[in-house]
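Report on the following structure.
The values are calculated or read from the model by the stated rules, or taken from the named source; none is laboratory data. If you're wondering where the values come from, they're calculated on a predicted model, not measured in any experiment. Positions of Cβ are backbone-derived with ideal geometry, glycine not excepted, and every protein chain shown enters the neighbour counts.
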Amino acid sequence: FQRGSLSGKHVLINAGPTREALDPVRYISNHSSGKMGFALAEAAVEAGARVTLVAGPVNLPTPARVARVDVVSAQDMLAACEAALPADLFIASAAVADYRPANCAEQKLKKTPGSDDGMTLTLVRNPDILATLAAHPQRPWTVGFAAETHDLMTYAADKLQRKNLDLIIANDVSQSGIGFNSEDNAVTLIDRALNSSVLPRASKTKLAREIIARIADLMATTNKH
Ligand code: PMT
């Protein structure tokens, strides 16, 4: 077989942040730009795959030959990912909000007139998209990211095992110039046997090509699909 080929495979990728509404004009979110996931989608197309890209609210053009589905919230992102199955490979690069406001007000929330009181928000857990797809009857070969500011390798290995993944991409998001909303990234791949492989700082485009080639090789050798 050809190194790094995903020819004939359906690859599902999610990217960007999710937005969790508080009221019609406010939301909770994070700094993900979607660049890493969009670069992975482009690289997967180059490797011969049919690609579905489920994107949170981002400001990026759709890569050529990619089928894009736009979503806003984590719950919508989960539904869109499940609707895109079956897939041979799922890569979860999205920065999904772990929590959402327990209630979304139908009208704009107002301050109490004449009061300086603070406000307490009640948040509830969002579904875990990655763990849900990894436990799905139509389980794809499943790759997660671990974005951490400390104890990167420990948390990444824990997520690999706890979420039952084939591969985790450990991403140190404490370093400036890489990670959220930057042009470059640097990651460490950790497989099920806990072998790790460092991919040093490079543009997200270049890094995505290397990640896709490694995944294609691993999928071929682990012979899952
Ligand atoms: O979008 P960019 O600006 O290019 O930045 C890229 C990135 C830093 C966002 C990306 O490289 C990255 O690390 N993505 C994962 C971000 C994240 O939310 O990591 P986490 O460690 O909190 O989550 C672990 C994994 O579970 C991730 O694959 C995540 O998609 C998934 N998850 C998390 C929570 C949840 N409710 N559902 C999920 O599927």
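With the requirement that a residue be touching a Ser or Thr at 6+ places or on another chain (Cβ under 7 Å) and closer than 16 Å to Gly144 by Cβ, what does segment 179-196 give you?
Filtering segment 179-196 for residues touching a Ser or Thr at 6+ places or on another chain (Cβ under 7 Å) gives 180-181, 183-184, 188-190, 196.
Correct list: Thr188, Leu189, Ile190, Ser196.
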Requested in this report: For segment 134-168, name all the residues that are within 24 Å of Gln75 (Cβ to Cβ), out of contact with any Leu (no Cβ under 6 Å at 6 or more places or on another chain) and within 8 Å of the ligand (Cβ to nearest atom).
Outcome: Phe145, Ala146, Ala147, Lys159
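Could you tell me whether Thr142 is in a strand (DSSP E or B), polar (S, T, N, Q) and in contact (Cβ under 8 Å) with a residue 24 or more places away in the chain?
Numbers: in a strand (DSSP E or B): yes; polar (S, T, N, Q): yes; in contact (Cβ under 8 Å) with a residue 24 or more places away in the chain: yes.
Yes, satisfied.
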Report summary line: Of (1) within 11 Å of the ligand (Cβ to nearest atom); (2) at positive phi; (3) small (Gly, Ala, Ser), Gly8 satisfies every one except (1)
Report task. Run Ser32 past the list (1) farther than 30 Å from Thr122 by Cβ; (2) of a type in the set (Gly, Ala, Ser); (3) near the ligand (Cβ under 9 Å from one of its atoms) and report the number of the one that doesn't hold. Result -> (1)
Report task. Would you mind stating whether Pro113 is more than 13 Å from Asn14 (Cα to Cα), of a type outside the set (D, E, K, R) and at pLDDT below 95? Result -> yes
Report summary line: Those residues of segment 76-103 which are closer than 12 Å to Arg19 by Cα and more than 10 Å from the ligand (Cβ to nearest atom) amount to Asp76, Pro101
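Please enumerate the residues belonging to segment 123-152 that are in contact with a strand residue (DSSP E or B) (Cβ under 7 Å, 6 or more places away or on another chain) and either surrounded by fewer than 16 Cβ atoms within 10 Å (Cβ to Cβ) or of a type in the set (Lys, Arg) (or both).
The answer is Leu123, Val124, Arg125.
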Report summary line: When Asn171 is run through (1) within 19 Å of Ala186 (Cα to Cα); (2) more than 10 Å from the ligand (Cβ to nearest atom), the failure sits at (2)
Query raised in the report: With Val51, Val71 as the choices, which residue is away from the ligand (no atom under 12 Å from the Cβ), out of contact with any Lys or Arg (no Cβ under 8 Å at 6 or more places or on another chain), in contact (Cβ under 8 Å) with a residue 40 or more places away in the chain and of a type in the set (A, V, I, L, M, F, W, C)?
Result: Val71
Report summary line: Selection over segment 171-198 where residues are assigned to a strand (DSSP E or B), under 18 Å from Phe38 (Cα atoms) and hydrophobic (A, V, I, L, M, F, W, C) yields a count of 3
Query raised in the report: Looking only at segment 29-51, which residues are among the small types (Gly, Ala, Ser) and either under 13 Å from the mean Cα position of the chain (by Cα) or part of a strand (DSSP E or B) (or both)?
Result: Ser32, Ser33, Gly34, Gly37, Ala39, Ala41
Report summary line: Among the residues of segment 66-105, the number that are acidic (Asp, Glu) and closer than 13 Å to Val54 by Cβ is 3
